[in-house]
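**Student:** My questions will all concern the structure given below.
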């Protein structure tokens, strides 16, 4: 069974703050850094220009031993549902997670990006345990999708629509993983996202076949091409 290992890497956390300050989400159309001071330090600058100042700003948090208590709490909580999560993921998609180990990096930023190649994702130290578990499940589903179905679907509908589909498919977390982390995954509030999530939920309830669902989603997305 695949495993998730939680860690803290100061360099990755600094990178996430810098990237968040210069990243405009396709879903919210605005920058998402909640640290106004870091936004001022990093805005429109390269990482090398500002990383020392970001490191200095974050030092009190990075040096706090509570960080490692959070790692332990997240690890213990995820370990309780790890096997069940990956069992359900394989059951509903028909495809196992193609990695034996995925790293969950803690971040002092609320934005939690993922890397489908490393593979890894980030989860905020400011999350409650139920929310952290939901974030982990959400990002792991993205990593799985990138390494199984993304290449084929991108050829059919393009990168933007495949990304839209990747996000919308997380509605399945509400339907098939009930009780593992209590909270619902609501997705982004854009009209396109919510309409696609509604479509996926309706079609999944009619026929619980993941490949068939993806084909239906391709047809749905092609209507806008």
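**Student:** Scan (1) more than 15 Å from the chain's Cα centre (by Cα); (2) at pLDDT below 95 for the single condition residue 186 breaks and write down its number.
**Tutor:** (1) is the only condition that residue 186 fails.
**Student:** Answer yes or no: is there a residue in the stretch 108-126 that is part of a helix (DSSP H, G or I) and surrounded by fewer than 18 Cβ atoms within 10 Å (Cβ to Cβ).
**Tutor:** Within the stretch 108-126, the subset part of a helix (DSSP H, G or I) is none.
Taking every residue of the stretch 108-126 in turn, none turns out to be part of a helix (DSSP H, G or I) and surrounded by fewer than 18 Cβ atoms within 10 Å (Cβ to Cβ).
**Student:** Looking at 221, 196, 175, 183, can you tell me which residue is over 23 Å from residue 119 (Cα atoms) and outside any helix (DSSP H, G or I)?
**Tutor:** Details: 221 fails: outside any helix (DSSP H, G or I); 196 fails: outside any helix (DSSP H, G or I); 175 fails: outside any helix (DSSP H, G or I).
One residue alone meets the criteria, 183.
**Student:** Out of all the residues in the stretch 83-93, is one or more assigned to a helix (DSSP H, G or I) and farther than 30 Å from residue 194 by Cβ?
**Tutor:** Yes, that holds for at least one residue.
**Student:** Pick out the one residue from 135, 171 that is at pLDDT 95 or above, buried (at least 20 other Cβ atoms within 10 Å of the Cβ) and in contact with a strand residue (DSSP E or B) (Cβ under 7 Å, 6 or more places away or on another chain). Walk me through how you get there before you give the answer.
**Tutor:** Working: 171 fails: in contact with a strand residue (DSSP E or B) (Cβ under 7 Å, 6 or more places away or on another chain).
Being at pLDDT 95 or above, buried (at least 20 other Cβ atoms within 10 Å of the Cβ) and in contact with a strand residue (DSSP E or B) (Cβ under 7 Å, 6 or more places away or on another chain) holds for just one of 135, 171, which is 135.
**Student:** Of the numbered conditions (1) in contact with a strand residue (DSSP E or B) (Cβ under 6 Å, 6 or more places away or on another chain); (2) part of a helix (DSSP H, G or I), residue 39 satisfies every one except a single condition; which is it?
**Tutor:** Unmet condition: (1).
**Student:** Also: Please verify whether the stretch 100-109 includes one or more residues that are over 23 Å from residue 67 (Cα atoms) and more than 11 Å from the chain's Cα centre (by Cα). First the steps, then the outcome.
**Tutor:** If we filter the stretch 100-109 for residues that are over 23 Å from residue 67 (Cα atoms), which is where we start, we get 100.
Those still in the list that are more than 11 Å from the chain's Cα centre (by Cα) too: 100.
So far as the stretch 100-109 goes, yes, one or more of its residues are over 23 Å from residue 67 (Cα atoms) and more than 11 Å from the chain's Cα centre (by Cα).
**Student:** In the stretch 5-16, is there at least one residue being in contact with a helix residue (DSSP H, G or I) (Cβ under 9 Å, 6 or more places away or on another chain), at pLDDT 90 or above, surrounded by fewer than 18 Cβ atoms within 10 Å (Cβ to Cβ) and in a helix (DSSP H, G or I)?
**Tutor:** yes
**Student:** Go through (1) closer than 16 Å to residue 4 by Cβ; (2) without any contact (Cβ under 8 Å) to a residue 60 or more places away in the chain; (3) assigned to a helix (DSSP H, G or I) one by one and return the number of the condition residue 151 breaks.
**Tutor:** Exception for residue 151: condition (1).
The values are calculated or read from the model by the stated rules, or taken from the named source; none is laboratory data. Since this is a predicted model, take the numbers as computed values, not measurements. For neighbour counting, all protein chains shown are included, and Cβ atoms are generated from backbone atoms with ideal geometry for every residue, glycine included.
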